[in-house]
Amino acid sequence: MKTHPDTLLGRLALAARPSRPWLHVHASSWWRRVLLAAGAQEAPLSGKLLTGATLARADLARADLTGADLTGADLVRATLFCADLTGATLIGATLFRATLIGATLFRADLTRADLTRADLTDANLFRADLTDATLTDATLFRATLARADLTSADLIGATLTGTNLAGATLYRADLTDADLAGADLTDATLARADLTDADLTDADLAGADLTDAKLTDATLARANLTDADLARANLTDATLVEVVWSEGTRWPNEQHTSLMRARSDPLGGGQWRVRSAGNSGVDMEVPPVPVS
């Protein structure tokens with residue numbers, strides 16, 4: 001079917017397939033969808049220098065931003081659904097309330113980035129650098145942060161339910177009131193981290209480094225602390241109901257070690273499980289869980 005160039009359909013066809021295929025057309029999100037439906041192609045963004053770019057509220061869903069330099073970029077409320085940011089540089093970028101559901105940020109550099117209230121559900125941040133990043137109230141449900149660097153990151157109130165943080169570095173990270181229920185923290189470094197009021201129910205902390213960590217009022221019910229290092233950690237009023245630990249687990253001091261052994265039942269193979277509150281035994285000369 002032929003289209004007349006003066007009709008709306010004709011103008012759309014010309015915009016979608018211009019005589020100069022390199023012609024860049026700037027359009028709103030609505031027109032972008034219309035043009036793409038008509039056969040237009042988006043300009044590649046991979047490897048682009050976008051330092052300081054203003055992309056607030058931009059629709060970058062499924063965009064290819066691999067290796068792009070977005071240092072200091074304004075991505076406030078931007079939509080990056082399933083976008084590919086592999087190896088991208090986002091140092092100091094502002095991603096306040098940005099949508100990064102299913103995004104790939106493999107080895108991305110997010111040093112000092114502001115991800116306050118951002119949605120990173122199911123995002124892949126394997127080996128990403130989030131040193132000094134702000135993730136206050138961010139959603140990282142089921143995200144992959146294995147071997148990521150979150151040194152001194154602000155994760156206050158963040159949702160990390162079911163998140164993979166295996167081997168991640170969270171040295172001095174602030175996880176106050178964070179939800180880490182069911183998270184995988186095997187071999188993670190949480191030395192000097194603040195986990196006050198954090199929920200670590202069913203979390204796997206096997207082999208984790210929690211030396212000098214603050215776990216005041218934290219909930220570790222049914223958590224796995226096999227071979228974890230809690231030397232000098234603050235467990236004041238922490239809930240340790242049904243926690244599994246081992247001979248290789250280091251408690252804050254000898255008093256805690258004796259207390260936990262008295263409060264636990266052997267499972268075999270050098271492992272122990274802390275008794276539930278209902279089986280604590282009122283005649284014991286040690287306090288019931290929580291431990292303080």
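Worth pointing out:
- Each of Asp237 and Ser276 was given a label point 7 Å from its Cα along the Cα-to-Cβ line. The distance between the two points is 2.5 nm.
- Other residues lying with their Cβ under 12 Å from the Cβ of Ala231 contribute a combined charge of -1, Lys and Arg counting +1, Asp and Glu -1.
- The range 78-142: relative contact order in percent, alpha carbon pairs under 8 Å with at least 6 residues between: 31 percent
- Shape call, the range 112-258: gyration tensor on alpha carbons, a/c limit 1.5: prolate
- Counted residue by residue at 0.36 nm each, then reduced by the alpha carbon distance between them, the extension gain from Glu247 to Leu267 reaches 6.1 nm.
Just so you know, all these numbers are worked out from the coordinates, no wet-lab data involved. If you're wondering where the values come from, they're calculated on a predicted model, not measured in any experiment. Counting neighbours? That spans all protein chains shown, and the Cβs are built from the backbone with ideal geometry, glycine included.
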